[in-house]
Amino acid sequence: MSSLPLIRLYDSTSLGLILLWPTGILYSNQTGGSMCLQPQAEGAFLPLVDELVAQEDLLRQHFTGPKWRGACGNGIDEETAQEIDRILGLSSVTRELGLRVDRARLEESHEAWVYVEVPAQPENRLASLERIPASQGILTWANSD
């Protein structure tokens, strides 16, 4: 049992990125669709809001559709990783960050908790992240159960 402060994202209404970083703060979300998992990760949370592209809706449709039927708690496959990458490419917010599903962590990923690679972010006053070295993150959104 960790003694770190915990922020639950259960009521979050948007797509977000937990940048895995030693911040001393844990984030958790209800994930896995009907499996109702509650994973935790230490980091910093960045909302990824794009009012022009409903990425969260597209992700929810994928995980509640015929492939997963709302129960994806034991890893994702390459086909799902490709679909998530496609959805990330639809928004300038996520496209500019260069987020991509981390293929080495497909087995640890599941609905509403997908490990992503975060390329180094150079100094750029217009970007949502800057001066961040290459790292990993978790793409998260409201559970579809």
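What follows draws every value from the coordinates through simple rules; no lab data is involved. It should be emphasised that the depicted structure is a prediction, and the values quoted were computed from it without experimental measurement. Cβ: placed from backbone, ideal geometry, glycine included. Neighbour counts: every protein chain shown.
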| Around A104, what is the net charge, scoring Lys/Arg as +1 and Asp/Glu as -1 over all other residues with Cβ under 15 Å from its Cβ? | -4
| note | Projected onto the charge dipole of region 1-62 (unit charges on the beta-carbon of Lys, Arg, Asp and Glu, signs +1, +1, -1, -1), the Cα from Q38, S14, A54 with the largest positive-side position is that of Q38
| note | From the Cα centre of region 75-131 to that of region 42-70, the distance in Å is 12
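Within the chain, which is the longest segment that contains none of the GluC sites (Glu not before Pro) sitting in a DSSP loop with at most 14 other Cβ atoms within 10 Å? It would help to have the intermediate numbers written out before the result.
Numbers: sites that count: E51, E123, E130.
It works out to 52-122.
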| remark: CD proxy, 222 nm, the chain: helix-only mean residue ellipticity via -39,500 (n - 2.57) per DSSP H run with n ≥ 4, per residue, nearest 500, stands at -5500 deg cm²/dmol
| Relative contact order [Cα under 8 Å, 6+ residues apart], region 6-140, whole percent | 24
| query | Within a Cβ distance under 13 Å of Q55, other residues only, what is the Lys/Arg minus Asp/Glu net charge? | reply | -3
| said: Within 10 Å of each candidate Cβ there may be at most 16 other Cβ atoms; applying that plus a DSSP loop requirement, which trypsin sites (Lys or Arg not before Pro) in region 70-145 survive? | reply: R125, R131
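Enumerate by residue number the chymotrypsin sites (Phe, Trp or Tyr not before Pro) in region 1-57 meeting two conditions: DSSP loop (anything except H, G, I, E, B), and at most 16 other Cβ atoms within 10 Å of the site's Cβ. Mind showing how you got there, number by number?
Working: sites: Y10, Y27, F45; in loops: Y10.
Qualifying residues, ordered by number: Y10.
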| query | For R95 and A71 in the same chain, what is the full-extension length gain: residue separation times 0.36 nm, less their Cα-Cα distance, in nm? | reply | 5.9 nm
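What's the magnitude of the charge dipole for the chain around its Cα centre, counting Lys and Arg as +1 and Asp and Glu as -1 at the beta-carbon? Answer in Debye, nearest 20.
Numbers: 11 positive and 20 negative charges, 26 e Å.
Dipole about the Cα centre, nearest 20: 120 debye.
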| note | Rounded to the angstrom and largest first, Cα extents along the principal axes for the chain equal 42, 38, 29
| field | Residue (of Y115, C72, S91) at the positive-pole extreme of region 67-145, dipole from beta-carbon charges | value | S91
| field | region 23-88, relative contact order in percent, only Cα pairs under 8 angstrom and at least six apart counted | value | 32
